[in-house]
Amino acid sequence: MEQSYESAVGTIQRILGLYFVKCLKGGKMSDSDSDDWSEEWIPYSERNEWADIVPIPQDDGEHPIVAIAYSPKFREVFDYFRAVLAHREKSQRALELTADALRLNPANYTVWQYRRDILRALESDLYEELDYLDEVIRDNAKNYQVWHHRRVIVEMLNDSSKELELTEVALERDNKNYHAWQHRQWAIKTFDLFENELSFVDRLIAEDIRNNSAWNQRFFVLKHFGFTSDVVQREIQYTMNRIRVVKNNESAWNYLGGILKYEDNGTGNCHQEVLSFCEELYTSGVRSPYLLAFLIDLYRDQCLQQSNVTESDVLSRKVFNLCNDMSKKYDIVRRKYWQYIAEQFKENLAEK
């Protein structure tokens, strides 16, 4: 039994080790994780130009809880990287070593940081580094460290001419890639690239009306230019038209609520227009939980501002009825939430 137990523990450790390495690489195991050396790749220990370097093995302690199953190639590359790092060597061969290390683990922050130190020390061609990053991002589009390195290089060059195209390509592969959107917003804001962004967002929303990231980007762009009365009116019409196409689209409803907050309080026309739109949908039989939640907010706000007792009673009944419908029919998962909203509204009425 003792031998069987040790064997089982060893198996679990190997599995966890492989999984851990996979997680470090952003969920992608590279071809070089094989125990066999590729024909094209020569181990550093067999290269004459690296004979002066003594590799430094990783120190996991005497009794590591989980012994990570590094491949021979992975172990050798990082043993040499640790040696280079210890000697503070900043050379072309060290730069090439970081490329090997990042190919094996593109999420390693230390390697990226040291690569930047080498680039600065060698005064390397940073446009070549952007070309290198094009390839790395293509295979690791959801890796934070890769995008951060890209940002630093662009800042060093003070040149964002390739960033919109790069992020567009990344978004074509995954239109909700958070890292690509974050980098795009940074580039647009830092280098004032707002001019054509609204057209880009329009196209994405037309392709996927539920693309929450595109709706968020639309808000980001318009907030930069300012929500004038004309912009608010235009955006309300734009959003209502999109909702007419897909009634149960949370992204559009959230966007509509956000835009409505920028209405000029001196008119109130937009609120009434949106209320009429919502009531029209409700009367036609639409029971989207996003529509009902929107009506609850509109009726509640009107009721609390209403001085006429009769009108206030009518509005309050609508709020309570809709909260009841949400809790029992249309949003049962959040039943407690809607019961809470009704109770809070009751307390607000008592304080009115």
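Data overview
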read-out	value
Extension reserve of the Lys261-Asp52 stretch, reckoned as 0.36 nm per residue once the Cα distance is removed	68.6 nm
Dipole magnitude (debye, nearest 20) for the chain, charges at Cβ of Lys, Arg, Asp, Glu	1700
Flagged links, alpha-carbon separation over 31 Å, of Lys176/Lys328; Lys247/Lys346; Lys189/Lys336; Lys261/Lys346	Lys176/Lys328; Lys189/Lys336
Two-site FRET efficiency, Asn248 against Arg75, from Cβ-Cβ distance with R₀ of 41 Å, rounded to 0.05	0.20
Using a Förster distance of 22 Å, the FRET efficiency for Ser284-Asn241 (Cβ separation, nearest 0.05)	0.90
Per principal axis, descending, Cα span of the range 311-352 in whole Å	31, 17, 7
Cα point-scatterer Debye curve for the chain, base-10 log of I(q)/I(0) at q = 0.08, 0.16 Å⁻¹	-0.64, -1.31
Added length on full extension, which subtracts the Cα-Cα distance from 0.36 nm per residue, Leu198 to Glu172	7.7 nm
Selection from Ala107, Val286, Val77, by position along the positive dipole direction of the chain (Cβ)	Val286
Difference of contour (0.36 nm per residue) and Cα-Cα distance, Asn308 to Ser124	58.9 nm
Shape call, the range 199-286: gyration tensor on alpha carbons, a/c limit 1.5	oblate
Where labels lie 7 Å past Cα in the beta-carbon direction, separation of Asp301 and Gln92 in nm	6.4
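Quick note: the coordinates plus some simple rules give every number you see, no bench work behind them. This is a predicted model, so every value here is computed, not measured. In this analysis, Cβ positions are derived from the backbone assuming ideal geometry, glycine residues included, and neighbour counts consider all displayed protein chains.
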